[in-house]
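Report on the structure given below.
The values are calculated or read from the model by the stated rules, or taken from the named source; none is laboratory data. Owing to the predicted nature of the structure, the values given are computational and were not obtained by experimental measurement. Here Cβ is always computed from backbone atoms with ideal geometry, including for glycine, and neighbour counts include all displayed protein chains.
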Amino acid sequence: MKKLPVYLMVFILLMLSGYTACSAKDINNTELTIITENYPPLNFEKNGKATGQATEVVEELLKRTKTKAGIQIMPWDKGYMAVLKQPNAALFTTVMNHERKKLMQWVGPISALETNFYSLQGSHIVIKTLEDAKKIGKIATVADYYSEQMLKKEGFTNLQSFHDEESAVHSLLKGEVQLMIDDNTAMPSILKKVGASTDSVKNVFTVSTDLGYIAFSKNTPPDIVLRWQKNLDAMKRDGSFDRIYAKWFPGQIPPGIFQMVTEEYPPVTFAKDINVTGFATDMVRHISTRLKVKDNIRLTSWKNAYNMAVLYPNIILFSAERTPAREKLFWWVGPIGKNSAILYAKKGSNIKLNNLEDAKKIKAIATTTDWFTEQYLKQNGFTNLVSSKDPSENLRQLMSSEVQLSIFTDLTIPEIAKNAGYNMNDLEPVYTVSQTYFYIAISKDTPPSVVQAWQSTLDDMKKDGTFEKIYKSYVPNATMDELVKQ
């Protein structure tokens, strides 16, 4: 049988796969159905016209893409079904999750819905972990809200439930509760309803972050979706997106082209005053500056940051241990640091370990929930672990003899000990479990060209001395040869 020409074979394969080319003229003539729900201040109707933060972004995109379409406000369920069943339909503001991700095409993010702990402005409350919040007097929640259910699952016992958000805010403003959990999109509207200014409260900790997108139906021509995304990215580069965001959410971090997320993990990453700092933070900022990428670093819990990087595209997560279990979940840029995971005992305990198997015979070992050190021990068959979400609690358990060992890294233990009211003389290293490098992890859906640019820029920093200068400003006695050569 005579072989078909290559171009004809490619054409046939494309047709069999359901591909149809869409010319510029076809794109301009395609009628789109643009849908949203009533969800102030993102989207709502005022004087018979749709408005809100997300609505203003979409209206600007309609102009830039030269799309002739109005915005229809309808109940969420009806709009969602329309996007699943109708061609050329788009629903905003839709939160991407694992279930929806494959059902639609996505343009965004156009909003960041953050569930936060709020305190009164001027309070001295500092929350660095969820465990810190459990020690606060009272936290206002709204009955049956997802945020209340989430805190209950996390073991919170200091919750005071209210029947609506207005009552919860009143209690916070009167000082009857010390914190309130709510999201950044609802809080400004609630404060306005009760006659309070938006700066009467402040966000002291972000519990979770959901990114909102424009969700296009699966059978919308991909060229249309790509054009919308390119125009949204252009808005973020020229500042028009940030101006719209600041109008509705003053002082909040707008979702950029890339979302940079990290946790409290001194001296690698940590909060100082109102800023995020640490040697990994400084490295990310230097790379961003050289690549002309806007710095929008969010300090949040490790669990939230990690979940974002697994789900969303264009997430820059730092720093992360490059373990076998995580290897295929992310792209990796680095290494940017080195950790030794060490089992520590209370000074004078006389515990001796010859190998890792000996540690399995110890009665109890304190670990930090979801940290790579805990994951490593679990993967190696340990069943004697006592897990806590706050590393300071691990140290307290060790010093009170509730556990016999605790695992920390050599980089972080000095700061953990200091914050817990101890010093390194109270501890003794018993056994080095592992020595690992840590990296900047980039979500898998991010274009490989972005990953290559970040790695290349980091390599340049190692060659010109910037990398070593940053690292030693936080860890003066660090040996750099292996890190710089990697």
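Considering the range 274-308 alone, what residues qualify as being among the hydroxyl-bearing types (Ser, Thr, Tyr) and farther than 28 Å from Glu131 by Cβ?
Matches in the range 274-308: Ser288, Thr289.
What residue, among those in the range 240-257 that are without any contact (Cβ under 8 Å) to a residue 60 or more places away in the chain and on the phi < 0 side of the Ramachandran plot, is surrounded by the fewest Cβ atoms within 10 Å (Cβ to Cβ)?
Filtering the range 240-257 for residues that are without any contact (Cβ under 8 Å) to a residue 60 or more places away in the chain and on the phi < 0 side of the Ramachandran plot, the one surrounded by the fewest Cβ atoms within 10 Å (Cβ to Cβ) comes out as Pro250.
Based on what the data block shows, is Ser123 among the small types (Gly, Ala, Ser) and touching a Gly at 6+ places or on another chain (Cβ under 6 Å)? Give the derivation first.
Numbers: among the small types (Gly, Ala, Ser): yes; touching a Gly at 6+ places or on another chain (Cβ under 6 Å): no.
No; evaluated as a whole, the condition is false for this residue.
Is there a residue being part of a strand (DSSP E or B) and within 13 Å of Ala341 (Cβ to Cβ) anywhere in the range 377-384?
Taking every residue of the range 377-384 in turn, none turns out to be part of a strand (DSSP E or B) and within 13 Å of Ala341 (Cβ to Cβ).
If I filter the range 239-253 for residues that are modelled with pLDDT under 95 and β-branched (Val, Ile, Thr), do I get at least one hit?
Among the residues of the range 239-253, at least one is modelled with pLDDT under 95 and β-branched (Val, Ile, Thr), which makes the answer yes.
Being of a type in the set (S, T, N, Q), in the same structural domain as Ile287 (by TED's automatic domain parsing) and at negative phi: is that true of Ser401 here?
For Ser401, the condition - of a type in the set (S, T, N, Q), in the same structural domain as Ile287 (by TED's automatic domain parsing) and at negative phi - is not met.
Which pairs have Cβ atoms under 6 Å, sit 6 or more apart or on different chains, and link a residue in the range 413-429 that is at pLDDT below 95 to one that is not in a helix (DSSP H, G or I)?
Glu415/Pro266; Ala417/Asn423
Just checking, how many residues over the range 359-376 are assigned to a helix (DSSP H, G or I) and of a type in the set (D, E, K, R)?
Qualifying residue count for the region: 1.
Going residue by residue through the range 291-306, is there one that turns out to be over 30 Å from Gly122 (Cβ atoms), surrounded by 18 or more Cβ atoms within 10 Å (Cβ to Cβ) and out of contact with any helix residue (DSSP H, G or I) (no Cβ under 9 Å at 6 or more places or on another chain)?
yes
Quick one: which helices (runs of 4 or more DSSP H) sit completely within the range 69-138 and have at least 2 residues that are within 18 Å of the chain's Cα centre (by Cα)? I'd like the intermediate steps shown before the answer.
Working: elements: 76-85, 98-101, 130-134.
The helices (runs of 4 or more DSSP H) meeting that bar are 98-101.
For the range 386-474, please list each of the helices (runs of 4 or more DSSP H) lying entirely inside it that holds at least 3 residues being under 30 Å from His98 (Cα atoms).
Here the list reads 448-464.
Mind checking which pairs have a first residue in the range 50-77 that is touching a residue at least 60 places away in the same chain (Cβ under 8 Å) and within 18 Å of Ile244 (Cβ to Cβ) and a second that is of a type in the set (S, T, N, Q) and part of a helix (DSSP H, G or I), Cβ under 6 Å, 6 or more apart or different chains?
The qualifying pairs are Leu61/Asn231; Arg64/Asn231; Thr65/Asn231.
Output the residues belonging to the range 142-155 that are at negative phi and more than 22 Å from the chain's Cα centre (by Cα).
So in the range 142-155, the residues at negative phi come out as 142-143, 145-154.
Residues satisfying the conditions are Val142, Ala143.
So, in the range 88-122, exactly how many residues are loosely packed, with under 14 Cβ neighbours inside 10 Å, out of contact with any strand residue (DSSP E or B) (no Cβ under 6 Å at 6 or more places or on another chain) and polar (S, T, N, Q)?
1
Would you kindly identify the helices (runs of 4 or more DSSP H) lying entirely within the range 235-348 that contain at least 3 residues that are more than 26 Å from Asn423 (Cβ to Cβ) and within 18 Å of the chain's Cα centre (by Cα)?
279-291, 302-311
Which condition number in (1) crowded, with 16+ Cβ neighbours inside 10 Å; (2) of a type outside the set (D, E, K, R); (3) touching a strand residue (DSSP E or B) at 6+ places or on another chain (Cβ under 9 Å) is the one that Ala478 fails?
(1)
When you go through Ala143, Ala89 one by one, which is the residue that is farther than 30 Å from Leu395 by Cα and assigned by TED's automatic domain parsing to the domain that holds Trp228? Reasoning before the result, please.
On the way: Ala143 fails: assigned by TED's automatic domain parsing to the domain that holds Trp228.
Answer to the selection: Ala89.
Does Leu191 satisfy being more than 22 Å from Ser119 (Cα to Cα), without any contact (Cβ under 8 Å) to a residue 40 or more places away in the chain, in a helix (DSSP H, G or I) and over 23 Å from the mean Cα position of the chain (by Cα)? Even if it seems obvious, please write down each step before you answer.
On the way: more than 22 Å from Ser119 (Cα to Cα): no; without any contact (Cβ under 8 Å) to a residue 40 or more places away in the chain: yes; in a helix (DSSP H, G or I): yes; over 23 Å from the mean Cα position of the chain (by Cα): yes.
It is false that Leu191 is more than 22 Å from Ser119 (Cα to Cα), without any contact (Cβ under 8 Å) to a residue 40 or more places away in the chain, in a helix (DSSP H, G or I) and over 23 Å from the mean Cα position of the chain (by Cα).
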